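Beneath this line is the structure, given in structure tokens, with notes to follow.
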Amino acid sequence: MELVVDAAIVGAGVAGLSTALFLGRADRSAIVFDGGTTRIESVEEVREYLGFDGLPPQELLSRARAEVHRYGVEIKRQRVTSVTPRADGLFEVHHGHSVTMARTVVLATGLIDKLPPLSGVSKAWGRDLRVCPCFDGYEVRGKRFVVFGVPKRLVHMASWVWMWSRDVTVVSEHAFTDAELDRLRLLDIDVIADEVTGLVHSGERLEALSTRGGKSIACGAAWIPADMVAASDLAASLCDVDDMGLARIDSGGRTSRAGVFAVGNAADPAAHLAHASAAGTNVGPHVVMYLLEREIERRTTNQ
Ligand SMILES: Cc1cc2nc3c(=O)[nH]c(=O)nc-3n(C[C@H](O)[C@H](O)[C@H](O)COP(=O)(O)OP(=O)(O)OC[C@H]3O[C@@H](n4cnc5c(N)ncnc54)[C@H](O)[C@@H]3O)c2cc1C
């Protein structure tokens, strides 16, 4: 007889591990798959996550994995390449050269921030090139902020970071509307009509941005609103997704396909660590209830 697990959880970030903790403690058989790195691992210290503020992300994840192991959930360092729904309601989860059969699938695959192709961008990302002041605005408050990136989110980002510093400059060739310019003017936010083409480092730290127009713009912190896309196309192959490829879910984390659930950034681009962790705790009971109902259906058919 083939081995079937109650849940295949794809992604071992905070959302996937939190789901695994719930299901392990619900006495369900579950396997977590992860073939890459989590989004939080680009930073040096986790911020704004109560109880863990200032902790290196590797330590947070290592503690979380140890808690999950305590309840018998296996974590496999393998990427899931595809999930095939079967007519009998089970799912074939393909990973490496193997297939695992699962009664449910939880997508905890996260998202990818699409960064501009500037040299040194990966070195600065999560350190001096920042994504949201909620995470690390406090650490650089009052410094000279420069904002550049995706035009549609520039005005929002520039005015948002202004709450952490009164010295904010936007660098963009975008044609802002009068209303947008008014908003920036009211906050004394300068706009330099140019395009950032390079990052200038002093040792390990970013100290300026170079532009197509030949300027070097000193900055204490650079903020970049970036486009985001699903980190995996599994959701698009299984259920309804939005224009970023993230799964559309209901309040119980259920997708449009019965037995497939989604949590954390795989469904919600705005989820911070606390939300992603809570999403796992929220989806857990719905996965267990789904398994219970399928078992009752099976017994009804067989009686
Ligand atoms: C620069 C930066 C700084 C941040 N700082 C903070 C902060 O200080 N505080 C805070 O609360 N939040 C912060 N965040 C947000 C935080 O990173 C996310 O909230 C969190 O990572 C979401 O967790 P997740 O489990 O949903 O996704 P992730 O942590 O991204 O985990 C998804 C996992 O799924 C894996 N995966 C994807 N596809 C597959 C596949 N096909 N098979 C197997 N595995 C797969 C990936 O490798 C990854 O390990 C920050 C984000 C960024 C970009």
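The values are calculated or read from the model by the stated rules, or taken from the named source; none is laboratory data. Just so it is clear, the structure is predicted and the values come from calculations on it, not from any experiment. Counting neighbours? That spans all protein chains shown, and the Cβs are built from the backbone with ideal geometry, glycine included. Calculation scope for accessible area: heavy atoms of the full protein, side chains included, ligands and nucleic acids excluded. Shrake-Rupley method; radii C 1.70, N 1.55, O 1.52, S 1.80 Å.
A few remarks follow.
- Helix 14-25 axis, angle to the chain major axis (alpha carbon atoms, nearest 10°): 20
- The protection proxy used here, the mean number of other Cβ atoms lying within 10 Å of each residue, ranks peptides 264-276, 84-96 as follows, highest first: 264-276, 84-96.
- Note on His201 and Asp178: the model spin-label points, each 7 Å out from Cα along the C-beta direction, lie 4.6 nm apart.
- Accessible surface of segment 116-223, 1.4 Å probe, proportion on carbon and sulfur as whole %: 54
- Within the chain, percent of DSSP bridges classed antiparallel, to nearest 5: 45
- Per residue accessible area in Å² of the chain, where ligands, DNA and RNA are left out and the probe is 1.4 Å: 50
- Most tightly packed first, judged by the mean number of other beta-carbon atoms within 10 Å of their residues, the peptides 14-23, 71-80, 283-292 read 14-23, 283-292, 71-80.
- Cα centroid separation - segment 31-73 against segment 208-276, whole Å: 19
- Amide H contacts under 5 Å for Thr197, placed H, 5+ residues apart: Ser210, Thr211, Arg212
- Across the chain, the volume of the C-alpha convex hull divided among the residues equals 145 Å³ per residue.
- Eigen-decomposition of the gyration tensor built on the alpha-carbon atoms of segment 116-223 gives equivalent ellipsoid semi-axes of 21, 17, 11 angstrom, largest listed first.
- With both labels modelled 7 Å from their Cα along Cα-to-Cβ, the Val4 to Thr281 distance reads 3.2 nm.
- Segment 159-165 - phi-based ³J(HN,Hα) in whole Hz, Karplus 6.51/-1.76/1.60, Gly and Pro as x: 6, 5, 5, 4, 5, 9, 7
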